[in-house]
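The values are calculated or read from the model by the stated rules, or taken from the named source; none is laboratory data. Remember, it's a predicted structure, so these values are computed and weren't measured experimentally. For neighbour counting, all protein chains shown are included, and Cβ atoms are generated from backbone atoms with ideal geometry for every residue, glycine included. Only protein heavy atoms, including side chains, enter the accessible area calculation; ligands, DNA and RNA are left aside. Shrake-Rupley method; radii C 1.70, N 1.55, O 1.52, S 1.80 Å.
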Amino acid sequence: MAIIRTKGLTYTYPVATKPAVDGVSITIEKGEFAVLTGPSGCGKTTLCRCFNGLIPHFYRGDLRGQLQVTGLDVKETPIHELALHVGLVFQNPENQLFALSVEKDVAFGLENLGMPRNEMQKQVDYALETSGISHLRLKAPHELSGGQQQRVAIAGIIAMQPEVMVLDEPTSFLDPLGAEKIFKVVRALNQEHHMTVILVEHRLDLAARYADHVIVMDRGKVILDGEPKDVLSSEKARLIGVGIPKVTLLYQQLAEVGLLKTNEVPLSSEEITALLRGVLND
Amino acid sequence: MSFFDGLKFRRVDSAVHLMDPRVKFFYVLAIFVIAILFHELIPLIILFLVQIPLVILARVKREWLRSLRGAAFLATVIFGTNLLFRFIYGGYSLIPSDVEHASAMTLRFLVLVESFSIFFLTTSPDHLGLALEQSHIPYEFCFAFTTAVRFVPVLAEEAQTIMDAQKARGLELEKGNFLKRIRNYIPILIPLIISAIRRSLELAEAMESRAWGAIQKRTNLYVLGLKATDYSMILISSLILVIGVYIRFSISIPSFST
Amino acid sequence: MIRVNQVSFTYPNGTEALRDVSINIQDGEFLAVMGQNGAGKTTLVKLFNGLLKPSSGEVLVDNVDTKETSVAKLARSVGFVFQNPDSQLFCETVEEEISFALRNFGFDDLKVKKRVTWALNLLGLTEYRATSPFMLSGGERKRVALASVLAWDPKVVVMDEPTIGQDHRQKERLRQFIIQLNSQGKTVVIVTHDVEFVAECAPRIILMSSGRIVADGTGKEILTDPTTLTKASIVVPQITQIFLGLSDLGFPSDVIDLLSAKEIISERLISR
């Protein structure tokens, strides 16, 4: 069942001359882990803003085409109502925390919705637990590392229990260890809590292995849309400079000269190691 | 800097920290009124001393001493000017009561610093925001307050980075005459302002994304309620107020110098 | 060029950021300082141009003790490119932005013009000479910041997290640019936790963890040593993971980059 569906979606920012998103038609299924990627300035962030209504309600500008999220028409639905269905986590962890303690921050959305206190406390506990930061509940944001701050932001979204979580390059300011923890939390949300996840990410070497679906954008258009193995091994992806994992590149270069062949294009070092081992032991 | 450090909130688990900020504010007000009512040394000494148990109870002695030390410079100035005025008005001579008066004025200032320092050291900005909210101040204002406090350390760090970046490009802040020195700060102020604008836009986006303004009557994770300690604090503050006013208007106060 | 002798550094708030650190950077070297956030990497490199002075020990730049000179003087030989270009951009045009440091260092007008043209050309920014830096994209702003430092031709260039927020293509261009700079004799120091980026550059690596240097050696030595990397919370590069996984089949275990990997594996597959 489709949870997000766009058709010919085109959006131009108020003073811009060119559309930032140009004729995008995609479908995200319920429960999917989708990775959205493409070079800087390709329109990924703009598309994320469409999913939760920041576009067109906050940014104004010119939005054309169809855009349905969890069965709601985004153009007709206010942002605060969409917030119940779609959560958006931003790139810079620092600028999305407002309160002076972690638990108060996690509660922010629920307070805005007017949730009764005892219920709110339960939701906050659940969100802190799920994102593995219960021990930080009384800390102030500036006492936390970037990775911890980002997990607070994620907890703030979890607390609101949306069906879809969109994360816009959540790990780009983090070190590998911090990034890994974010991916683990997101994966658990997807696998155990059946939340639909849309992850915008450059570092496919870290993210590709979790994805069911990869969408590649360039200059506002979707140019590839499909299963990770197909998308990442396509010539087009390499040409526009998508960060294809090195193991996949290695496989491609060996396959080009006819030295390796498989239907399961390797995306991680374990997969290619097993493949090579198999071939060499034959 | 050390003076402000002496006002910065420390998370300590004490009865004073747990008190309702509104109650503590009432206490600060009571001390303030009484300190203004008296200009004699003895009552001000008493007023200074009665607050010390509270400092000990709140376990913020070190920070409190630091705030007093930070106020030392201003206290000296107050003492000096008072003495100077008395000297000029007294026909260029000083009598012991002039010194006593100057000391009293200085002590009055220290009493005020003392009570403010107790308030800020033991009240988390979060609680303060909450107190504002529950005092029926519009939520937007309270939100602006807590967010401003939240971003103070962030902006301080950012200013430091910008300063480093420009110094690394040969900017010398201390160079040149007065006007030139002011101009030297332009390369620091512009990036700082631009980043603050960008930050506020991102914050607005994040707020919208978390259902800001969904309903008129929002709820709150924390609620302030008055406890036994709060009532005793109200009682103590009221007593200070009543006794102070009574003494002021019906008992003549002895002095050291007459 | 730069000599760090038993340096410790403690911030005014009491955080001990460096503990007894000693390194020696030669002229023309290419060095990557790696480690987790908070390991002390940025603190270490801020000693190189005097932005921070050691609490104990000494830092010598060209045999001059950094305690005895100013940041402005040291900056002449040690250029520092900050992580976020927005911490420095403030002028109305890209040209002025690049001239800023040159004027601070007292270059005359003719020389300023010449150096600006050279730097714009070096980073492919010539068409933006009269554009406001704030109108440029993130990647372009990063290049303006880099140009504004390279313009005065410092002997050493320090870059703090140059790959953060960069996409694949931008990183690739940056990598080639750094290698080119270094081959022209410039000493390059990068601070990073981007292990895949470093694996393709193969510089000398200094690995840091909680304020100490835990390893110092060539890219091949350090990136193929999982125990040491784990100490600094750095993951083994993907290519190395493959070779470590196949070491029982007689593959070498010191391969870090894609090109060598392809050659070695091709050879094995062909000779099979």
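So which aspartates and glutamates pass the test for C:Lys155, namely a Cα distance under 14 Å, with those fewer than 8 places away in the same chain ruled out?
C:Asp27, C:Glu29, C:Asp62
Given the protein chains as shown and a 1.4 Å probe, how many square angstrom of A:His135 are accessible, to the nearest 10?
140
Leaving out ligands, DNA and RNA, calculate the buried accessible area for the pair A and C with a 1.4 Å probe, summed over both sides, in Å² to the nearest 100.
3100
Need one value for A:238-250: mean number of C-beta atoms belonging to other chains within 10 Å of its residues' C-beta atoms.
Taking the mean over all residues of the peptide, I get 4.
Over both sides of the A-B contact, add up the buried accessible area with a 1.4 Å probe and give it to the nearest 100 Å².
Result for this pair: about 3500 Å² buried.
Can you tell me, using C-alpha contacts under 8 Å and at least 6 residues apart, the relative contact order of segment A:143-282 as a whole percent?
Normalised by residue count, the contact order of segment A:143-282 is 17 percent.
Put a dot 7 Å past each Cα toward the Cβ at A:Glu76 and B:Leu65; how far apart are the dots in nm?
Distance between the two pseudo-spin positions: 7.0 nm.
For segment C:87-153, which whole-number percentage of the solvent-accessible area (1.4 Å probe, protein heavy atoms only) is attributable to carbon and sulfur atoms?
Roughly 51 percent, rounded to a whole number.
Can you give the extra length, in nm with one decimal, that the chain gains between C:Thr126 and C:Leu269 once fully stretched, where that is 0.36 nm per residue apart less the Cα-Cα distance?
Here the answer is 46.7 nm.
Could you work out, residue by residue across B:212-218, how many beta carbons of other chains sit within 10 Å of that residue's beta carbon, and then give the average as an integer?
The mean count of partner-chain Cβ atoms within 10 Å per residue comes to 5.
Loop only per DSSP, at most 16 neighbouring Cβ atoms within 10 Å: give me the GluC sites (Glu not before Pro) in segment B:158-258, ordered by residue number.
Within segment B:158-258, the qualifying GluC sites (Glu not before Pro) (loop, at most 16 other Cβ atoms within 10 Å) are B:Glu172, B:Glu174.
For chain B, rounded, prolate or oblate, judged on the Cα gyration tensor with a ≥ b ≥ c (square roots of eigenvalues), a/c < 1.5 rounded, else prolate if a/b > b/c?
Because a/c hits 1.5 or more and a/b fails to exceed b/c, chain B counts as oblate.
Mind checking the log10 I(q)/I(0) for the protein assembly as shown at q = 0.10 Å⁻¹? Debye, one equal scatterer per Cα, no solvent, two decimals.
Result of the Debye calculation: -1.19.
Per-residue Cβ counts within 10 Å, from other chains only, averaged over A:95-107: what number is that?
Whole-number average of other-chain Cβ neighbours for A:95-107 is 6.
Of A:Lys30/A:Lys221; B:Lys167/C:Lys114; A:Lys75/C:Lys171; A:Lys181/B:Lys8, which sit over 31 Å apart, Cα to Cα?
Beyond 31 Å: A:Lys75/C:Lys171; A:Lys181/B:Lys8.
Enter the buried accessible area of the B/C pair, total of both sides, probe 1.4 Å, in Å² rounded to the nearest 100.
Interface between B and C: roughly 1700 Å².
Going by average Cβ neighbours within 10 Å, how do the peptides A:44-54, B:114-124, B:222-232 rank, with the highest at the top?
A:44-54, B:114-124, B:222-232
Taking a label point 7 Å from the Cα of C:Asn5 along the Cα→Cβ vector, which residues of segment C:59-99 have an amide N closer than 20 Å to it?
The answer is C:59-70, C:74, whose backbone nitrogens lie closer than 20 Å to the label point.
Mark the label point 7 Å from the Cα of A:Asp62 along Cα→Cβ and return the residues of segment A:1-15 whose backbone N is within less than 18 Å of it.
Residues passing the 18 Å test: A:8-15.
Does anyone have the angle between helix C:168-183 and the longest principal axis of chain C? Alpha-carbon axes, 0 to 90°, nearest 10?
Taking Cα atoms only, the helix is inclined about 80 degrees.
Under 8 Å for C-alpha pairs, at least 6 residues apart: give me the relative contact order for segment A:85-186, rounded to a whole percent.
Relative CO of segment A:85-186 lands at 45 percent.
Summing +1 for each Lys or Arg and -1 for each Asp or Glu, what net charge is found among the other residues whose Cβ lies under 15 Å from the Cβ of B:Leu74?
Around B:Leu74, the charge tally is +2.
Along segment B:59-64, what does the Karplus equation 6.51 cos²θ - 1.76 cosθ + 1.60 (θ = phi - 60°) give for ³J(HN,Hα), rounded to whole Hz, x for Gly and Pro?
Per-residue couplings from phi come out as 6, 10, 4, 5, 5, 5 Hz.
Any idea what the relative contact order of chain C is, in percent, if you count C-alpha pairs under 8 Å spaced at least 6 apart?
22
Using a cut-off of 14 Å between beta-carbons, work out the net charge of the residues near A:Leu267 (Lys and Arg +1, Asp and Glu -1, A:Leu267 not included).
-4
Which number do you get for Rg(Cα) / (2.2 N^0.38 Å) in segment C:87-153?
Taking the Cα Rg and dividing by 2.2 N^0.38 Å, one obtains 0.97.
Based on DSSP H runs of at least 4 residues, each adding -39500 (n - 2.57), what is the mean residue ellipticity at 222 nm of chain C after dividing by all its residues, to the nearest 500 deg cm²/dmol?
Taking each H run of at least 4 residues, the total per residue is -11500 deg cm²/dmol.
Please list, by residue number, every one of the trypsin sites (Lys or Arg not before Pro) in segment A:156-197 that is coil in DSSP and has at most 12 other beta-carbon atoms within 10 Å.
none
By how many degrees, between 0 and 90 and to the nearest 10, does the Cα long axis of helix A:146-158 differ from the longest principal axis of chain A?
70
Between B:Ile88 and A:Lys221, what FRET efficiency comes out of the Förster formula 1/(1 + (r/R0)^6) with R0 = 51 Å and r the beta carbon distance, rounded to 0.05?
For A:Lys221 and B:Ile88, the calculated efficiency is 0.05.
Please work out the average accessible area per residue across segment B:137-209, using the 1.4 Å probe convention, and give it in Å².
Accessible area per residue: 52 Å².
Could you tell me the accessible area of C:Met1 in Å² (1.4 Å probe, neighbours in place), rounded to the nearest ten?
40
Efficiency by 1/(1 + (r/R0)^6): what FRET value for B:Thr76 and B:Val12, r their Cβ-Cβ distance, R0 = 41 Å, to the nearest 0.05?
Calculated value: 0.85.
For segment A:194-282, compute Rh as the Kirkwood radius over C-alpha pairs and then the Stokes-Einstein diffusion coefficient at 25 °C and 0.890 mPa s; write the answer in µm²/s, rounded to an integer.
My calculation gives 177 µm²/s for D.
With a 1.4 Å probe and every protein chain kept in, tell me what percent of the accessible surface of segment A:2-232 is carbon plus sulfur.
47
With bins 10 Å wide starting at 0, give me the P(r) of segment B:88-188 over every alpha carbon pair, in whole percents.
12, 19, 17, 23, 22, 7
Please compute the Kirkwood hydrodynamic radius over chain A, one decimal place, Å, based on all pairs of different Cα atoms.
19.8
Taking R0 as 60 Å, what's the FRET efficiency between C:Asn13 and A:Met1 from their Cβ-Cβ distance, rounded to 0.05?
Once the sixth-power term is evaluated, E becomes 0.65.
How large is ³J(HN,Hα) for each residue in segment B:130-138, as worked out from phi by the Karplus curve 6.51 cos²θ - 1.76 cosθ + 1.60 (θ = phi - 60°), to whole Hz, x for Gly and Pro?
Per-residue couplings from phi come out as 5, 4, 4, 4, 6, 8, 6, 7, x Hz.
7 Å from Cα along Cα→Cβ at both B:Gln216 and B:Val152: what's the point-to-point distance in nm?
3.5
For a quick size check, give me the Cα extents of segment C:166-266 along its three principal axes, largest first, whole Å.
That works out to 40, 36, 26 Å along the principal axes.
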